[in-house]
Structure formats: structure tokens, C-alpha cells
Amino acid sequence: MQYSTLELAISGHVATVTLNRPEVRNAFNETMIAELTDVVSRLQTRDDVRAVVLAANGPAFCAGADLNWMKKMASFSDEENRADARRLADMLAAVYRSAKPVIARVSGDAYAGGVGLVAACDIVVAVETARFCLSEARLGLIAATISPYVIRALGERACRRYFTTAEPFECAVACRFGLVHEAVPADALDATVQKLAAALCANGPQAVRESKRLVQDVAGRALDEALIDDTAARIAAIRASDEGREGVAAFLDKRAPAWRD
């Protein structure tokens with residue numbers, strides 16, 4: 001897999017995808033959007049990959065949309081604009097729906113679509129100095145395609161403020177609202193990400209995949225008989241799976257399960 005806007009490295013069971021347009025603060029253009037969609041999709045087919053780290057080169061994590069790309073979009077027809085916006089939406093959905101859990105390694109600022117990319121990830125570790133900004137309104141735009149992920153991560157009340165004011169906020173605020181799970185000094189960023197990746201890889205791959213899907217499917221649903229039946233069916237199915245049987249047997253036998261190689 002060769003890309004012009006990304007770097008891909010696989011070590012052990014962890015794939016690291018690095019945004020590599022530092023000269024424009026890793027801003028999205030049509031090529032990066034297509035390549036991110038492609039690499040996330042391709043990693044789904046690799047049984048040796050159990051976790052994905054999304055990182056970035058340069059001082060910023062992601063500045064959102066590339067200005068030259070946005071300038072070009074201004075001349076698009078409505079149909080072309082819709083198609084272009086849908087490609088960005090599909091990329092974010094690919095990250096959000098990835099069967100492999102995605103850890104965002106946020107080494108610098110994230111603005112606009114960069115916040116959306118962070119919000120689409122499962123686990124977010126950021127340097128304490130990182131700043132976040134939903135800056136679309138400053139340009140007369142709205143945070144439409146990223147909104148499903150950002151609202152889930154930040155919450156409705158915070159988004160009412162930051163979508164409309166377009167003011168930047170500090171990493172501590174992002175932690176308080178839930179966009180960022182851990183804020184760490186720069187020299188602790190890699191160790192923290194590696195620890196989380198190792199924890200993911202130590203668990204049953206099927207269980208991790210189904211746990212992620214469980215959260216997405218259950219969040220926001222009414223606690224009714226249908227949901228109770230659904231959750232009972234899920235645990236019954238995984239108990240009877242090869243991985244579930246192996247995990248329980250390994251625990252009882254006081255040995256490591258087969259997936260820990």
C-alpha cells in the first residue's frame with residue numbers, strides 16, 4: 001500500500017497511519033480523503049492487524065480542509081459539491097465503523113474537519129498543549145459532515161457553543177467534555193498510545209470488534225424488551241464462539257489464550 005499523503009507502518013499487531021502533509025498542517029484534500037478511506041478499508045481485511053493508530057507528522061494534527069481544495073470547491077456545481085462532501089463523510093464513517101479500534105495520537109492542534117477525524121476515533125490521546133477549534137462558522141460554513149461524530153463526542157450543549165462561536169478550546173476542555181480520553185505531556189505521548197494499543201491487542205480480537213459494535217448499536221436506544229433480547233443474544237453468540245470458548249478455557253486453565261502470540 002503506497003500513498004502520497006499518508007505513511008503506513010505495521011509493527012506486531014498495530015498499524016500506524018500517519019497523516020503526511022505537514023507543510024499544510026495535514027489539511028484534507030481530495031487525495032488524502034481517498035487515501036484515508038482506502039487504507040482504513042484495506043486494514044479491515046488483515047487478520048494480523050488488531051489496532052490502528054492514527055498519527056500526524058509536523059506541528060499540527062490536522063487543520064481541516066485544505067484552502068486550495070476549498071477554493072476549487074467554490075466553483076463546483078451543487079451536484080459536484082454533494083459528491084465531494086459525501087466522500088469526506090464516507091471517510092469519517094470508515095474510521096468510525098472500522099472493525100479494528102482506532103487510537104488517535106494527537107500531537108498538535110486539530111481544527112474543523114480535524115476535530116471530526118479525532119471524534120470518529122475510538123480512543124483519543126492528546127498532548128496537553130493541543131488546541132481544538134470548530135472553526136467553520138468563521139468562514140460562513142457549518143460543521144455538517146463531522147457533526148454526527150463531534151456531537152456524540154462533545155455532547156449537544158458543548159456543540160451549541162463551539163459550533164456557533166468557532167472559538168478555540170484547550171485540551172483540558174476537550175478532556176472535560178469527552179472528546180479526548182487522556183491529555184499527556186509530549187514526552188509521554190508515545191508510551192501512552194503504545195500502552196493502550198497493547199491492551200487492545202491482548203484481548204480477544206472478535207471480542208474487541210463486537211464490543212465496539214455493541215457500544216455503537218446500544219448508545220441512545222430505548223431500554224426496552226427489544227434491546228434486552230438483543231444484548232442477551234449477543235452474549236450467547238460470543239459465549240458459543242471459538243474465541244469465547246478459548247478465552248474461558250484459558251482463564252480456567254490459568255494459561256494465556258491462543259490469540260496472545
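The values are calculated or read from the model by the stated rules, or taken from the named source; none is laboratory data. This structure is a prediction, so every number in the text was calculated from the model and none was measured. A quick note on method: Cβ atoms are made from the backbone with ideal geometry, for glycine too, and the neighbour counts reach across all protein chains shown.
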message: Could you go through region 29-42 and let me know if any residue there is of a type in the set (G, A, S) and assigned to a loop (DSSP other than H, G, I, E, B).
response: no
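Matching residues to (1) without any contact (Cβ under 8 Å) to a residue 60 or more places away in the chain; (2) part of a helix (DSSP H, G or I); (3) touching a Lys or Arg at 6+ places or on another chain (Cβ under 9 Å); (4) not acidic (D, E):
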position: A144; (1), (2), (3), (4): yes, no, no, yes
position: I151; (1), (2), (3), (4): yes, yes, no, yes
position: R160; (1), (2), (3), (4): yes, yes, no, yes
position: F163; (1), (2), (3), (4): yes, yes, no, yes
position: E167; (1), (2), (3), (4): yes, no, yes, no
position: A172; (1), (2), (3), (4): yes, yes, no, yes
position: R176; (1), (2), (3), (4): yes, yes, no, yes
position: L189; (1), (2), (3), (4): no, yes, yes, yes
position: V193; (1), (2), (3), (4): no, yes, yes, yes
- line: Among (1) hydroxyl-bearing (S, T, Y); (2) over 25 Å from A191 (Cα atoms); (3) surrounded by fewer than 21 Cβ atoms within 10 Å (Cβ to Cβ), Y149 falls short only on (3)
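Would you point out the residue of region 70-123, among those that are polar (S, T, N, Q) and surrounded by 15 or more Cβ atoms within 10 Å (Cβ to Cβ), that is nearest to the chain's Cα centre (by Cα)?
Top of the filtered list is S98.
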field: Residue pairs meeting the criteria (Cβ under 9 Å; at least 6 apart or on separate chains; first under 16 Å from A144 (Cβ atoms) and touching a residue at least 12 places away in the same chain (Cβ under 8 Å), in region 76-97; second charged (D, E, K, R) and not in a helix (DSSP H, G or I))
entry: Y96/D122
- request: Tally the residues that are surrounded by 10 or more Cβ atoms within 10 Å (Cβ to Cβ) and touching a helix residue (DSSP H, G or I) at 6+ places or on another chain (Cβ under 8 Å), restricting the search to region 217-238.
  value: 8
- line: If you go through A158, A94, the only one that is out of contact with any Pro (no Cβ under 9 Å at 6 or more places or on another chain), modelled with pLDDT of 95 or more and under 22 Å from N26 (Cβ atoms) is A94
- prompt: So which residues in region 1-36 are under 19 Å from A63 (Cβ atoms) and β-branched (V, I, T)?
  reply: T5, V17, T18, V24, T31, I33
query: How many of the residues in region 8-26 are in contact (Cβ under 8 Å) with a residue 60 or more places away in the chain and in a loop (DSSP other than H, G, I, E, B)?
result: 4
